[in-house]
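The values are calculated or read from the model by the stated rules, or taken from the named source; none is laboratory data. Bear in mind that the values here come from a model prediction, so they are computed numbers and not experimental data. As a convention, Cβ positions derive from the backbone with ideal geometry for all residues, glycine included, and neighbour counts pool all protein chains shown. Ligands, DNA and RNA are stripped out before the accessible areas are found, and what is left, the full protein with its side chains, is counted by its heavy atoms. Shrake-Rupley method; radii C 1.70, N 1.55, O 1.52, S 1.80 Å.
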Amino acid sequence: QFATRVVSCRAAELRPEGGGEPVRGFQVVLEDTILFPEGGGQPDDRGLIGDVPVLRVTRRGPEAVHFVPAALEPGAEVLLSLDWERRFDHMQQHSGQHLITAIAEQMFGFKTTSWELGRQRGLIELDTPSMTAEQVKALEMSVNEKIRDRVPVTVRELAADDPEIEKVRSRGLPDDHVGPVRVVDIKGIDSNMCCGTHVSNLSDLQVIKLLGVEKGKKNKTNLIFLVGNRVLKSIEQSHSTEKALTSLLKNGPGEHVEAVRKLQSSVKLLQKNNLNLLRDIAVLIARDFKSKPAPRQLFVLHRKEGDSEFMNIIANEIGTEETLLFLTVGDEKEAGLFLLAGPVEAVENLGPRVAELLGGKGAGKRDRFQGKAAKMSRRGEVQALLQEFISHRSPEV
């Protein structure tokens with residue numbers, strides 16, 4: 001906690017991180033703050049000003065701007081409280097990133113070009129087109145050795161013209177930077193120009209787990225990592241998943257993969273048999289319709305099970321030169337698929353209107369118009385439209 005004073009408060013809007021409608025509130029500037037404003041790859045802190053929650057902290061020049069949902073009186077003394085769990089997580093991930101970056105460059109010459117502190121995992125972009133599994137393993141072993149060595153992490157400030165800055169790793173200062181330059185040192189390992197929050201000793205990181213790499217931007221590799229409490233949470237989640245799978249699959253964790261492979265194989269076989277049966281049913285439905293002495297001009301069919309191929313087989317078997325076909329598959333109360341097939345003129349005329357009635361979207365080419373339907377319950381209205389068209393040979397309803 002930290003006692004301070006409100007300098008200014010003005011109405012503003014905040015756009016949520018996940019998108020959506022802007023939130024109305026206020027931008028508050030304090031005499032000083034213990035809440036970190038987003039920057040340098042690190043997200044912002046959260047906390048309270050009095051009992052008012054801080055929803056976002058950003059930097060405006062030398063000032064930290066706190067977005068809050070309620071107005072605060074300029075000049076008022078306030079108690080600022082920090083969300084320590086969020087802060088410590090960011091400290092662990094950020095210091096872990098510095099350590100991984102430094103050791104990756106020392107061991108393999110891989111420079112870090114950017115990094116991202118995500119909500120669930122961190123990502124370091126390395127200036128290399130690839131990284132082997134052996135290199136990842138060796139890097140993980142090395143950074144965890146440094147954690148066990150309990151190496152101190154310190155912060156110092158240098159004047160902007162201090163020649164010592166030339167020895168410090170940096171991706172450059174912000175254009176609006178003024179005043180001293182902040183440097184974070186991991187003793188004997190790394191000196192890095194940085195504005196972020198960090199632990200005071202590598203032992204506070206507890207452990208680092210490198211989850212592997214993925215292809216990044218051109219000639220870059222993304223290294224995925226977890227530090228400290230995130231590793232513990234990941235293990236807890238994995239153990240819960242393992243327990244659930246053990247219960248479902250009725251075997252031990254070591255047999256889970258093989259059991260799932262067998263299930264996948266069985267499902268593929270069942271799907272194949274199901275498709276063959278659907279094709280046979282489609283042919284039989286079509287033949288039954290064609291066997292009637294006086295085929296009708298309109299054929300309507302709905303079936304819960306089926307797919308586009310099922311509907312198209314029926315259309316192929318019946319033929320679309322003289323008969324207008326309206327076929328649907330899917331749950332009566334949910335979304336599904338539809339096919340309108342028949343004489344070209346009728347399909348081109350009625351296709352878009354059928355899609356509109358069904359609350360869906362579709363596309364057509366000559367004698368077929370098909371797509372997705374959101375309102376399967378309106379099939380009766382479509383059938384009435386088609387019957388009206390056939391009766392009068394007019395698109396008017």
- prompt: In degrees, nearest 10, range 0 to 90: what is the angle between the Cα axis of helix 256-291 and the longest Cα principal axis of the chain?
  reply: 30 degrees
- request: Kindly express, to the nearest 10 degrees and within the range 0 to 90, the angle between helix 379-392's C-alpha long axis and the longest C-alpha principal axis of the chain.
  value: 40 degrees
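With respect to the cross-link table entries 272/333; 220/262; 304/361; 250/375; 187/233, which display a Cα-Cα separation exceeding 31 Å? Intermediate results must be reported in sequence, preceding the final value.
Details: 272/333 27 Å; 220/262 37 Å; 304/361 19 Å; 250/375 41 Å; 187/233 29 Å.
In this structure, 220/262; 250/375 lie more than 31 Å apart at Cα.
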message: Rounded to the nearest percent, how much of the accessible area of segment 271-392 (1.4 Å probe, protein heavy atoms only) is carbon and sulfur?
response: 48 percent
- prompt: Can you pull out the GluC sites (Glu not before Pro) in segment 329-385 that DSSP calls coil and that have at most 12 other Cβ atoms within 10 Å?
  reply: 332, 334
Calculated log₁₀ intensity ratio I(q)/I(0) where the Debye formula runs over C-alpha points of segment 271-392, q = 0.11, 0.12 Å⁻¹: -0.33, -0.39
field: segment 15-89: relative contact order in percent, alpha carbon pairs under 8 Å with at least 6 residues between
entry: 32 percent
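Keeping all protein chains in place and using 1.4 angstrom, which order do 132, 58 fall into by accessible surface area, from largest down?
Working: 132 65, 58 45 Å².
So, going from the largest accessible area down, we get 132, 58.
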- line: Computed over segment 15-64, the distribution of all Cα-Cα distances in 5 Å bins, rounded to whole %, is 5, 17, 29, 27, 16, 5, 1
task: Let me have the relative contact order for the chain, percent, based on Cα pairs under 8 Å that are six or more residues apart.
output: 10 percent
- prompt: Any idea what angle helix 84-108 forms with the longest principal axis of the chain, computed on alpha-carbon atoms, 0 to 90 degrees, nearest 10?
  reply: 80 degrees
